[in-house]
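Trainee: Below you'll find the structure I mean.
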Amino acid sequence: MKGNGYCDRKKLQNTYLEGLKRYKNRGVRILVDGVECPEKDWGRIFEFGEDGGFYMGDYVGAEQGKLVEIRFDKVYLCDPPSGRETF
């Protein structure tokens, strides 16, 4: 029996967000577009923009090998729309 793609995707997204909550509870900062935002806004990391942008996670560790931040920043597969800066 084949699953419903939308439901499967939502289930995977919820599982991922639960993992982010566990990291946050251990003191790992979760940043979206450079800002530590509330958990209710984390779902936007799964969005694809009309401008072709999507979010990519960057896992930042400390010298001792401990995870300290997870950063989600918008990236583009091609040049971003004019007037937008990327770093």
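Trainee: Taking only Cα atoms of the chain, what ratio of Rg to Rh do you get with Rh as the Kirkwood inverse-distance radius? Each step should come with its number before you reach the end.
Mentor: Numbers: Rg = 15.0 Å, Rh = 14.6 Å.
My calculation of the ratio gives 1.03.
Trainee: Continuing with this model, one more query. Report the net charge of residues surrounding T15, where surrounding means a beta-carbon distance below 12 angstrom and charges are Lys +1, Arg +1, Asp -1, Glu -1.
Mentor: On the way: positive: R9, K10, K11, K21, R22; negative: D8, E18.
Cβ neighbours under 12 Å give a net charge of +3.
Trainee: Given points 7 Å out from each Cα along the Cα-Cβ axis, report the R29 to K11 separation in nanometres with one decimal.
Mentor: Output for this residue pair reads 3.6 nm.
Trainee: Just to be sure I understand: of the beta bridges DSSP finds with both ends in the chain, what percent are antiparallel, rounded to 5?
Mentor: Working: 12 of 16 bridges.
The antiparallel proportion sits near 75 percent.
Values in this text are rule-based calculations from the coordinates and carry no lab data. Worth saying up front: this structure is predicted, and the values here are computed from it rather than measured. Every residue, glycine as well, gets a Cβ built from its backbone with ideal geometry; the counts of neighbours run over all protein chains shown.
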